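One structure below.
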Amino acid sequence: MNTPTTSSRPLGRCTLVGAGPGDPELLTLKAVKAVQAATVLLVDDLVNDEILQWARPDARIVHVGKRGGCKSTPQAFIEKLMIAAVQEGETVVRLKGGDPFVFGRGGEEVEHLREAGIPCEVVNGITAGLAAVTALGVPLTHRDHAAGVVFVTGHAKTGTADGARHDSTDWAALAATARDARLTLVIYMGVAGASHIQQQLLAGGLPAGTPVAVVQHASLPHQRQLVATLGTLVADLAASGLGSPSIIVVGDVLRGMAAAGAPASSRFGT
Ligand code: SAH
(Lines give C-alpha, C1' and ligand atoms only; values in the text may rest on other atoms or scores of the structure.)
Protein backbone atom coordinates (compact mmCIF):
# COMPACT_ATOMS: atom_id res chain seq x y z
CA MET A 1 0.00 0.00 0.00
CA ASN A 2 1.40 3.43 -0.89
CA THR A 3 1.26 6.25 1.56
CA PRO A 4 -0.66 9.10 -0.06
CA THR A 5 0.90 12.51 0.49
CA THR A 6 -2.44 14.30 0.35
CA SER A 7 -5.93 13.10 1.02
CA SER A 8 -9.31 14.72 0.57
CA ARG A 9 -10.71 12.76 3.50
CA PRO A 10 -10.31 13.99 7.05
CA LEU A 11 -7.69 12.12 9.02
CA GLY A 12 -8.86 9.11 10.92
CA ARG A 13 -7.25 8.20 14.19
CA CYS A 14 -4.93 5.64 15.62
CA THR A 15 -4.80 3.86 18.95
CA LEU A 16 -2.22 1.37 20.18
CA VAL A 17 -4.11 -1.00 22.41
CA GLY A 18 -2.65 -3.41 24.94
CA ALA A 19 -4.47 -6.71 24.52
CA GLY A 20 -3.12 -8.13 27.79
CA PRO A 21 -1.52 -11.54 28.30
CA GLY A 22 -4.31 -13.59 26.70
CA ASP A 23 -7.36 -13.90 28.95
CA PRO A 24 -9.92 -11.57 27.29
CA GLU A 25 -11.34 -10.73 30.72
CA LEU A 26 -8.09 -8.97 31.53
CA LEU A 27 -8.74 -6.33 28.86
CA THR A 28 -9.45 -2.82 30.06
CA LEU A 29 -12.83 -1.23 29.29
CA LYS A 30 -10.91 1.32 27.25
CA ALA A 31 -9.41 -1.46 25.15
CA VAL A 32 -12.82 -3.01 24.46
CA LYS A 33 -14.26 0.38 23.49
CA ALA A 34 -11.37 1.01 21.12
CA VAL A 35 -11.82 -2.41 19.47
CA GLN A 36 -15.56 -1.75 19.10
CA ALA A 37 -14.87 1.57 17.40
CA ALA A 38 -12.17 0.33 15.01
CA THR A 39 -12.69 0.15 11.26
CA VAL A 40 -9.22 -1.33 10.76
CA LEU A 41 -7.55 -3.68 13.24
CA LEU A 42 -3.90 -4.64 12.94
CA VAL A 43 -3.39 -7.65 15.16
CA ASP A 44 -0.05 -8.88 16.48
CA ASP A 45 0.90 -12.44 17.27
CA LEU A 46 0.24 -13.33 20.91
CA VAL A 47 -3.05 -11.44 20.79
CA ASN A 48 -5.91 -13.78 21.64
CA ASP A 49 -8.32 -13.84 18.67
CA GLU A 50 -11.25 -14.05 21.12
CA ILE A 51 -10.77 -10.32 21.58
CA LEU A 52 -11.96 -9.82 18.01
CA GLN A 53 -15.49 -10.79 19.13
CA TRP A 54 -15.89 -7.09 19.98
CA ALA A 55 -14.86 -5.91 16.52
CA ARG A 56 -17.49 -4.48 14.16
CA PRO A 57 -18.60 -7.05 11.58
CA ASP A 58 -17.39 -4.75 8.80
CA ALA A 59 -14.00 -4.03 10.40
CA ARG A 60 -10.97 -4.91 8.33
CA ILE A 61 -8.82 -7.29 10.38
CA VAL A 62 -5.18 -7.75 9.41
CA HIS A 63 -2.96 -10.22 11.25
CA VAL A 64 0.47 -8.69 11.03
CA GLY A 65 2.42 -11.37 12.85
CA LYS A 66 3.50 -14.86 11.86
CA ARG A 67 -0.14 -15.97 11.77
CA GLY A 68 -0.65 -13.45 8.98
CA GLY A 69 1.15 -15.79 6.62
CA CYS A 70 4.65 -14.36 6.42
CA LYS A 71 7.46 -15.15 8.81
CA SER A 72 6.64 -11.88 10.47
CA THR A 73 5.46 -8.66 8.87
CA PRO A 74 8.29 -6.11 8.81
CA GLN A 75 7.81 -3.31 11.29
CA ALA A 76 8.24 -0.59 8.64
CA PHE A 77 5.47 -2.12 6.53
CA ILE A 78 3.08 -2.26 9.50
CA GLU A 79 3.76 1.38 10.25
CA LYS A 80 3.17 2.35 6.60
CA LEU A 81 -0.10 0.45 6.69
CA MET A 82 -1.21 2.28 9.83
CA ILE A 83 -0.28 5.70 8.46
CA ALA A 84 -2.01 5.06 5.14
CA ALA A 85 -5.20 3.84 6.83
CA VAL A 86 -5.35 6.88 9.12
CA GLN A 87 -4.80 9.15 6.11
CA GLU A 88 -7.73 7.40 4.44
CA GLY A 89 -9.92 8.37 7.40
CA GLU A 90 -9.99 4.98 9.11
CA THR A 91 -10.20 4.43 12.84
CA VAL A 92 -7.14 2.25 13.27
CA VAL A 93 -6.48 0.06 16.27
CA ARG A 94 -3.18 -1.67 16.63
CA LEU A 95 -3.67 -4.60 19.01
CA LYS A 96 -0.48 -5.61 20.76
CA GLY A 97 0.10 -8.38 23.31
CA GLY A 98 0.42 -7.32 26.93
CA ASP A 99 1.20 -3.63 27.19
CA PRO A 100 2.21 -1.74 24.02
CA PHE A 101 5.02 0.01 25.86
CA VAL A 102 6.67 -3.07 27.37
CA PHE A 103 8.89 -4.77 24.77
CA GLY A 104 6.19 -4.16 22.21
CA ARG A 105 7.97 -1.65 19.97
CA GLY A 106 5.08 0.67 20.81
CA GLY A 107 7.53 3.48 21.45
CA GLU A 108 8.93 3.24 17.93
CA GLU A 109 5.46 3.11 16.39
CA VAL A 110 4.26 6.19 18.26
CA GLU A 111 7.42 8.06 17.24
CA HIS A 112 7.04 7.18 13.56
CA LEU A 113 3.36 8.05 13.54
CA ARG A 114 4.06 11.41 15.17
CA GLU A 115 6.76 12.08 12.58
CA ALA A 116 4.09 11.47 9.93
CA GLY A 117 1.85 14.03 11.67
CA ILE A 118 -0.47 11.42 13.12
CA PRO A 119 -1.19 11.61 16.83
CA CYS A 120 -1.60 8.28 18.48
CA GLU A 121 -3.34 7.33 21.68
CA VAL A 122 -2.08 4.42 23.79
CA VAL A 123 -4.24 2.17 25.94
CA ASN A 124 -2.38 0.15 28.56
CA GLY A 125 -2.69 -3.59 28.84
CA ILE A 126 -1.64 -6.01 31.55
CA THR A 127 1.90 -6.98 30.73
CA ALA A 128 2.80 -10.68 30.63
CA GLY A 129 5.32 -10.38 33.45
CA LEU A 130 2.68 -9.13 35.82
CA ALA A 131 0.19 -11.78 34.73
CA ALA A 132 2.84 -14.49 35.16
CA VAL A 133 3.59 -13.76 38.81
CA THR A 134 -0.10 -13.34 39.56
CA ALA A 135 -0.71 -16.74 37.96
CA LEU A 136 1.78 -18.15 40.46
CA GLY A 137 -0.05 -16.49 43.32
CA VAL A 138 2.90 -14.34 44.32
CA PRO A 139 3.48 -10.59 44.21
CA LEU A 140 6.14 -8.69 42.27
CA THR A 141 7.21 -6.85 45.40
CA HIS A 142 7.02 -7.86 49.03
CA ARG A 143 8.15 -6.01 52.14
CA ASP A 144 10.17 -9.03 53.28
CA HIS A 145 11.56 -10.18 49.93
CA ALA A 146 11.67 -7.64 47.13
CA ALA A 147 11.99 -3.87 47.13
CA GLY A 148 11.55 -3.52 43.39
CA VAL A 149 11.23 -5.16 39.99
CA VAL A 150 13.30 -5.29 36.83
CA PHE A 151 11.55 -6.08 33.56
CA VAL A 152 14.31 -7.22 31.23
CA THR A 153 14.46 -8.88 27.84
CA GLY A 154 16.43 -12.08 27.38
CA HIS A 155 16.77 -11.21 23.75
CA ALA A 156 18.68 -7.92 23.74
CA LYS A 157 21.00 -8.62 20.86
CA THR A 158 23.28 -6.15 19.19
CA GLY A 159 24.98 -6.71 15.87
CA THR A 160 28.73 -6.36 15.54
CA ALA A 161 30.98 -5.55 12.61
CA ASP A 162 31.66 -9.25 12.00
CA GLY A 163 27.94 -9.82 11.64
CA ALA A 164 27.74 -11.89 14.82
CA ARG A 165 25.01 -11.19 17.36
CA HIS A 166 25.87 -10.79 21.01
CA ASP A 167 23.78 -10.56 24.14
CA SER A 168 24.00 -6.92 25.16
CA THR A 169 22.60 -7.38 28.67
CA ASP A 170 25.13 -7.45 31.49
CA TRP A 171 23.47 -10.28 33.41
CA ALA A 172 26.25 -10.55 35.96
CA ALA A 173 25.90 -6.87 36.90
CA LEU A 174 22.14 -7.29 37.02
CA ALA A 175 22.51 -10.29 39.34
CA ALA A 176 24.68 -8.33 41.76
CA THR A 177 22.19 -5.45 41.76
CA ALA A 178 19.22 -7.76 42.18
CA ARG A 179 20.92 -9.46 45.12
CA ASP A 180 22.04 -6.24 46.83
CA ALA A 181 18.91 -4.18 46.16
CA ARG A 182 16.51 -7.14 46.60
CA LEU A 183 14.88 -6.94 43.17
CA THR A 184 12.62 -9.41 41.41
CA LEU A 185 13.83 -10.16 37.88
CA VAL A 186 11.09 -10.62 35.30
CA ILE A 187 12.65 -11.89 32.09
CA TYR A 188 10.76 -11.70 28.79
CA MET A 189 11.87 -13.75 25.76
CA GLY A 190 14.37 -15.59 27.92
CA VAL A 191 13.72 -19.27 27.22
CA ALA A 192 16.06 -19.63 24.23
CA GLY A 193 18.89 -17.95 26.13
CA ALA A 194 18.14 -19.57 29.51
CA SER A 195 21.45 -21.38 29.73
CA HIS A 196 23.50 -18.20 29.23
CA ILE A 197 21.23 -16.24 31.58
CA GLN A 198 21.51 -18.89 34.29
CA GLN A 199 25.27 -19.04 34.01
CA GLN A 200 25.70 -15.25 34.10
CA LEU A 201 23.28 -14.69 36.99
CA LEU A 202 25.20 -17.29 39.02
CA ALA A 203 28.51 -15.70 38.01
CA GLY A 204 27.15 -12.32 39.13
CA GLY A 205 26.51 -13.63 42.63
CA LEU A 206 22.88 -14.72 42.80
CA PRO A 207 22.84 -17.88 44.96
CA ALA A 208 22.05 -21.19 43.22
CA GLY A 209 19.15 -21.64 45.63
CA THR A 210 17.41 -18.47 44.42
CA PRO A 211 13.84 -19.40 43.46
CA VAL A 212 12.99 -19.28 39.77
CA ALA A 213 9.70 -19.86 37.97
CA VAL A 214 8.81 -20.13 34.31
CA VAL A 215 5.25 -19.45 33.20
CA GLN A 216 4.15 -20.23 29.66
CA HIS A 217 0.90 -18.84 28.23
CA ALA A 218 0.15 -16.94 31.44
CA SER A 219 -3.57 -16.32 32.04
CA LEU A 220 -4.70 -18.73 29.30
CA PRO A 221 -6.41 -22.09 29.89
CA HIS A 222 -3.33 -23.91 28.57
CA GLN A 223 -0.98 -22.06 30.94
CA ARG A 224 1.90 -24.20 32.21
CA GLN A 225 4.46 -23.39 34.82
CA LEU A 226 7.58 -24.70 36.37
CA VAL A 227 9.23 -23.83 39.65
CA ALA A 228 12.92 -24.41 40.11
CA THR A 229 16.00 -22.78 41.51
CA LEU A 230 18.59 -20.81 39.63
CA GLY A 231 20.91 -23.81 39.90
CA THR A 232 18.40 -26.22 38.35
CA LEU A 233 16.67 -23.87 35.88
CA VAL A 234 18.09 -25.20 32.62
CA ALA A 235 17.78 -28.89 33.51
CA ASP A 236 14.23 -28.41 34.81
CA LEU A 237 13.27 -26.31 31.81
CA ALA A 238 14.52 -28.98 29.39
CA ALA A 239 12.68 -31.70 31.32
CA SER A 240 9.45 -29.69 31.37
CA GLY A 241 9.27 -29.03 27.65
CA LEU A 242 8.12 -25.46 28.28
CA GLY A 243 8.86 -23.08 25.43
CA SER A 244 7.88 -19.67 24.14
CA PRO A 245 5.97 -17.54 25.04
CA SER A 246 7.18 -17.69 28.61
CA ILE A 247 8.19 -15.39 31.41
CA ILE A 248 11.06 -16.32 33.71
CA VAL A 249 10.76 -14.92 37.23
CA VAL A 250 13.78 -14.89 39.52
CA GLY A 251 13.70 -13.84 43.14
CA ASP A 252 12.72 -14.42 46.71
CA VAL A 253 9.12 -13.30 46.17
CA LEU A 254 8.62 -16.86 44.91
CA ARG A 255 9.25 -18.20 48.41
CA GLY A 256 5.66 -17.19 49.07
CA MET A 257 4.61 -20.13 46.89
CA ALA A 258 5.97 -22.62 49.42
CA ALA A 259 4.26 -20.72 52.23
CA ALA A 260 1.01 -20.85 50.25
CA GLY A 261 1.16 -24.66 50.25
CA ALA A 262 2.83 -25.49 46.96
CA PRO A 263 3.74 -29.18 46.65
CA ALA A 264 6.99 -30.19 48.34
CA SER A 265 8.65 -30.85 44.98
CA SER A 266 8.24 -27.20 44.06
CA ARG A 267 9.62 -25.75 47.29
CA PHE A 268 12.93 -24.01 47.19
CA GLY A 269 16.11 -24.74 49.05
CA THR A 270 18.13 -21.94 50.50
N1 SAH B 1 4.23 -6.28 25.11
C2 SAH B 1 4.23 -7.62 25.66
C3 SAH B 1 5.57 -8.29 25.51
C4 SAH B 1 5.95 -8.59 24.08
S5 SAH B 1 7.47 -9.42 23.94
C6 SAH B 1 3.78 -7.54 27.11
O7 SAH B 1 3.70 -6.45 27.69
O8 SAH B 1 3.50 -8.59 27.68
C9 SAH B 1 6.92 -11.11 23.79
C10 SAH B 1 7.28 -11.89 25.05
O11 SAH B 1 6.34 -11.60 26.07
C12 SAH B 1 7.23 -13.39 24.88
O13 SAH B 1 8.39 -13.90 24.31
C14 SAH B 1 7.10 -13.83 26.33
O15 SAH B 1 8.33 -13.70 27.01
C16 SAH B 1 6.18 -12.75 26.87
N17 SAH B 1 4.76 -13.15 26.83
C18 SAH B 1 3.77 -12.58 26.12
N19 SAH B 1 2.58 -13.15 26.42
C20 SAH B 1 2.84 -14.10 27.34
C21 SAH B 1 2.05 -15.02 28.08
N22 SAH B 1 0.71 -15.08 27.92
N23 SAH B 1 2.66 -15.84 28.96
C24 SAH B 1 3.98 -15.79 29.15
N25 SAH B 1 4.78 -14.95 28.50
C26 SAH B 1 4.23 -14.10 27.61
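The values are calculated or read from the model by the stated rules, or taken from the named source; none is laboratory data. Note that this is a predicted model, so its numbers are computed, not measured. Counting neighbours? That spans all protein chains shown, and the Cβs are built from the backbone with ideal geometry, glycine included. With ligands, DNA and RNA removed, areas are computed over all heavy atoms of the protein, side chains included. Shrake-Rupley method; radii C 1.70, N 1.55, O 1.52, S 1.80 Å.
Couple of notes before you dig in:
- If the condition is being open to solvent by 20 Å² or more (accessible area, probe 1.4 Å), among the hydrophobic types (A, V, I, L, M, F, W, C) and touching a residue at least 60 places away in the same chain (Cβ under 8 Å), then segment 14-46 contributes Leu26, Leu27, Leu46.
- Matching helices (runs of 4 or more DSSP H) fully within segment 47-146 where at least 1 residues are more than 16 Å from the ligand (Cβ to nearest atom), on the phi < 0 side of the Ramachandran plot and without any contact (Cβ under 8 Å) to a residue 40 or more places away in the chain: 75-87, 106-115
- Looking across segment 218-234, the residues that are closer than 18 Å to Val138 by Cβ, part of a loop (DSSP other than H, G, I, E, B) and near the ligand (Cβ under 10 Å from one of its atoms) come down to Ala218, Ser219, Gln223.
- One residue alone among Ala208, Ala176, Ala192, Ala238 is surrounded by fewer than 17 Cβ atoms within 10 Å (Cβ to Cβ), closer than 30 Å to Asp49 by Cα and in contact (Cβ under 8 Å) with a residue 12 or more places away in the chain, and that residue is Ala192.
- Per this entry, Val214 is counted among residues that are near the ligand (Cβ under 10 Å from one of its atoms) and open to solvent by less than 30 Å² (accessible area, probe 1.4 Å).
- Against the conditions (1) within 16 Å of the ligand (Cβ to nearest atom); (2) buried (at least 20 other Cβ atoms within 10 Å of the Cβ); (3) touching a residue at least 60 places away in the same chain (Cβ under 8 Å); (4) closer than 19 Å to Val150 by Cβ, Ile197 satisfies every one except (3).
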